[in-house]
Amino acid sequence: MADTGSLLSPLSPKANEPLPFARGYGYVRRMEMKGEVKIDAPRTKVWAALGDAEILKESIPGCVALEKVSGTEFKGTVETKVGMVRATFSGNATLSKLNPPLSFTVTGEGKGGAAGSISASADIQLHEDGNRTVLRYAAKGEVTGKLAQVGARLLDTTAKQMADSFLVRFSERVTEGPLGRAEDAIEQVVDEAVHAVGEVAHEAEEEVEGAAVRGVLGGPMMWGLLVIVAGVVVLWFMRG
């Protein structure tokens, strides 16, 4: 789905000048990727989701924080691992060349301390395909520092996996929409309630055994137990 390419080359002091963020690291790796994904949602909905910080945070692999600073600016933090190199990158991204809901360009950079820096830009296009949307991207980037010294194949493979993972997660989030997330939340609440009621029912069962011995099965305690049992039945039906 995606084609990748890269080049690792030592930077001379002269070559360093156009890339000040690479100074002191000695290496830079230039990469290019492109790919596409079909999303079962109309183009306008996909366009809106691409500007939703919460959806993007849930979709970006390793993203621990993402904030929308303005209508075209984001800042965030991403944790990643390539081979033996682990890094936490803090950076920002800016949207430009906006042509809603057809296309835009995103540029960004992130710094990960000794692990190095990343800068990249990507052209995004949205094409209608019946009731679906085809999201196509073409990206270019530069990696410096320890990450740039990782083997070309490993770095390319990791980058492709992260891009594919993002597209799959993003597609799922857009497709499920608010209703899908609400259903997940309801299911979680019901599961927790069933578990809690199950524990109460277990305790109640012990009380029944004790009550039978004491001859109080016809009293108020029995009615309370019936209410608990009815609650369990209702919650199980809700799960279905």
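Go through the stretch 41-65 residue by residue and tally those that are closer than 23 Å to ARG86 by Cα and buried (at least 20 other Cβ atoms within 10 Å of the Cβ).
We begin by selecting, within the stretch 41-65, every residue closer than 23 Å to ARG86 by Cα; these are 56-65.
Narrowing further to those that are buried (at least 20 other Cβ atoms within 10 Å of the Cβ): 56, 59.
The number of residues fulfilling the criteria is 2.
Figure legend. Inter-residue proximity from the stretch 157-171: first residues among the charged types (D, E, K, R), second residues at pLDDT 90 or above, beta-carbon distance below 6 Å, spacing 6+ or different chains. Indicated pairs: ARG169/SER59.
Condition check: free of Cβ contacts under 8 Å to residues at least 24 places away in the same chain and of a type in the set (S, T, N, Q). Does SER96 satisfy that?
On the way: free of Cβ contacts under 8 Å to residues at least 24 places away in the same chain: no; of a type in the set (S, T, N, Q): yes.
For SER96, the condition - free of Cβ contacts under 8 Å to residues at least 24 places away in the same chain and of a type in the set (S, T, N, Q) - is not met.
Of the strands (runs of 3 or more DSSP E) entirely within the stretch 93-158, those holding at least 3 residues that are crowded, with 16+ Cβ neighbours inside 10 Å and polar (S, T, N, Q) occupy 117-129.
The values are calculated or read from the model by the stated rules, or taken from the named source; none is laboratory data. Note that the coordinates shown come from a computational prediction; the quantities given were computed from them, not determined experimentally. Using ideal geometry, Cβ is built from the backbone for each residue, glycine included, and neighbour counts are taken over all protein chains shown.
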